[in-house]
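Taking it in order: structure first as structure tokens, then the write-up.
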Amino acid sequence: MSTWRFLDSGADDGATNMAVDAVLLSGVEAGTAPPTIRVYAWRPPAVSIGHAQDAGRELDLVECARRGYDVVVRPTGGRAVLHAGELTYSVAGRAGQAPLGCSIAQTYEAVSVALLAGLAELGVAAELAAVSPEDARSRTEPSPPCFVSAGRFEIVVRGRKLVGSAQRRSGDSVLQHGSLLLDGSHVGLAEIVRVASEDQRAALRAALEQRTIDLSTVLGRPLSFDEVASALRKGFASRWEIDLVPGGLSERESKAVTTVATEYHALS
């Protein structure tokens, strides 16, 4: 049975959160850090954009500032995500080794089935989205924000997206992180993205409301971060058959996070 670190970071600002994930990936790649499953939250709420995006083109930065949102860049790709009322997970490990598999798709699937096991601990009957790569490539509409559509191996309940994820590879190492919605706060993304008209904003808001779902809606009660974190830890440990040991960042990792955090401020 392999040993992984379970890192519960609690809540932190957006740049620090992204720096920790990046440091976990570089540490695994360098052989200085163990494979790690991390859970965390965002304080204050933040908007993250993919590493190839331009914050000024994608977001209404005045509105973001008015609402007190951090604006940060993820080390992964994808489009804008509002991080509020969620638990975020990340996985940093070696690709090509069990349980992560070799390909991008194999890693997505491995992580998703572990997340499903964790959700089952909460009594949530979730499943993998039935979307093929061919379906994704055939879309002709403009790319929507991340949570409007569910990609292959993403997690849905009753056809509505519950978890959205993104992945990055460096050498033979992989980072995957994603948002598990605890409540409906993510719908507020419609109020801070740049749109051509208020009709388009209303359509985006409706799409987020209709195509996504959150744990409090699924279970009919609010859930705490700690309750969900505990369930995910059990799910990963049992599904992957790993020894998942609680731990913190090493001194080396903490120093690296402080050094690189400024790289993830989208407006710096």
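The values are calculated or read from the model by the stated rules, or taken from the named source; none is laboratory data. Note that the structure is predicted; figures quoted are calculated from it, not measured. Glycine gets a Cβ as well: all are built from the backbone with ideal geometry, and neighbour counts include every protein chain shown. Side chains included, ligands, DNA and RNA excluded: accessible areas come from the protein's heavy atoms. Shrake-Rupley method; radii C 1.70, N 1.55, O 1.52, S 1.80 Å.
Which one of these does Gly50 not meet: (1) open to solvent by 20 Å² or more (accessible area, probe 1.4 Å); (2) under 14 Å from the mean Cα position of the chain (by Cα); (3) at pLDDT below 95; (4) not acidic (Asp, Glu)?
Every listed condition holds for Gly50 apart from (1).
For the range 88-100, enumerate the residues that are open to solvent by 10 Å² or more (accessible area, probe 1.4 Å) and not aliphatic (A, V, I, L, M).
Of everything in the range 88-100, those that are open to solvent by 10 Å² or more (accessible area, probe 1.4 Å) and not aliphatic (A, V, I, L, M) turn out to be Arg94, Gly96, Gln97, Pro99.
Which residues, taken from the range 58-70, are under 22 Å from Leu182 (Cα atoms) and either touching a Ser or Thr at 6+ places or on another chain (Cβ under 8 Å) or in a helix (DSSP H, G or I) (or both)?
Here is the first cut: in the range 58-70, the residues under 22 Å from Leu182 (Cα atoms) are 64, 67-70.
Across the range 58-70, the qualifying residues are Cys64, Arg67.
Of all residues in the range 101-137, which are open to solvent by less than 30 Å² (accessible area, probe 1.4 Å), modelled with pLDDT under 95 and either under 20 Å from Arg168 (Cα atoms) or of a type in the set (Ser, Thr, Tyr) (or both)?
The one that is open to solvent by less than 30 Å² (accessible area, probe 1.4 Å), modelled with pLDDT under 95 and either under 20 Å from Arg168 (Cα atoms) or of a type in the set (Ser, Thr, Tyr) (or both): Gly101.
Given the criterion of a type outside the set (A, V, I, L, M) and under 28 Å from Trp4 (Cβ atoms), identify the matching residue among Ser216, Ser197, Ser185, Ser224.
Testing whether each residue is of a type outside the set (A, V, I, L, M) and under 28 Å from Trp4 (Cβ atoms) leaves just Ser224.
Mind listing whichever residues of the range 184-203 are out of contact with any strand residue (DSSP E or B) (no Cβ under 7 Å at 6 or more places or on another chain) and either open to solvent by less than 30 Å² (accessible area, probe 1.4 Å) or farther than 30 Å from Gly123 by Cα (or both)?
Val187, Ala190, Glu191, Val195, Ala196, Ser197, Glu198, Asp199, Gln200, Arg201, Ala202, Ala203
Please identify the pairs in which a residue from the range 92-114 that is β-branched (Val, Ile, Thr) has its Cβ atom under 7 Å from the Cβ atom of a residue that is open to solvent by 40 Å² or more (accessible area, probe 1.4 Å) and modelled with pLDDT of 95 or more, counting only partners at least 6 apart or on another chain.
Taking only residues 6 or more apart or on different chains, the pairs are Val113/Arg239.
Within the range 10-47, track down each residue that is open to solvent by 10 Å² or more (accessible area, probe 1.4 Å) and among the basic types (Lys, Arg).
Across the range 10-47, the qualifying residue is only Arg43.
Kindly indicate whether any position in the range 171-178 is under 29 Å from Gln106 (Cα atoms), in contact with a Cys (Cβ under 8 Å, 6 or more places away or on another chain), of a type outside the set (Ser, Thr, Tyr) and not in a loop (DSSP other than H, G, I, E, B).
We begin by selecting, within the range 171-178, every residue under 29 Å from Gln106 (Cα atoms); these are 171-178.
Okay, now just the ones that are also in contact with a Cys (Cβ under 8 Å, 6 or more places away or on another chain), so none.
Looking for residues that are under 29 Å from Gln106 (Cα atoms), in contact with a Cys (Cβ under 8 Å, 6 or more places away or on another chain), of a type outside the set (Ser, Thr, Tyr) and not in a loop (DSSP other than H, G, I, E, B), one finds none in the range 171-178, hence no.
In this structure, does Ser179 turn out to be within 30 Å of Gly56 (Cα to Cα), surrounded by 15 or more Cβ atoms within 10 Å (Cβ to Cβ), modelled with pLDDT of 95 or more and among the polar types (S, T, N, Q)?
Taking the combined requirement at face value, the residue satisfies it.
Going residue by residue through the range 63-82, is there one that turns out to be over 28 Å from Val195 (Cβ atoms), of a type outside the set (Phe, Trp, Tyr) and open to solvent by less than 10 Å² (accessible area, probe 1.4 Å)? Give the steps one after another, and end with the answer.
Looking only at the range 63-82, we keep the residues that are over 28 Å from Val195 (Cβ atoms), and these are none.
Within the range 63-82, not a single residue is over 28 Å from Val195 (Cβ atoms), of a type outside the set (Phe, Trp, Tyr) and open to solvent by less than 10 Å² (accessible area, probe 1.4 Å).
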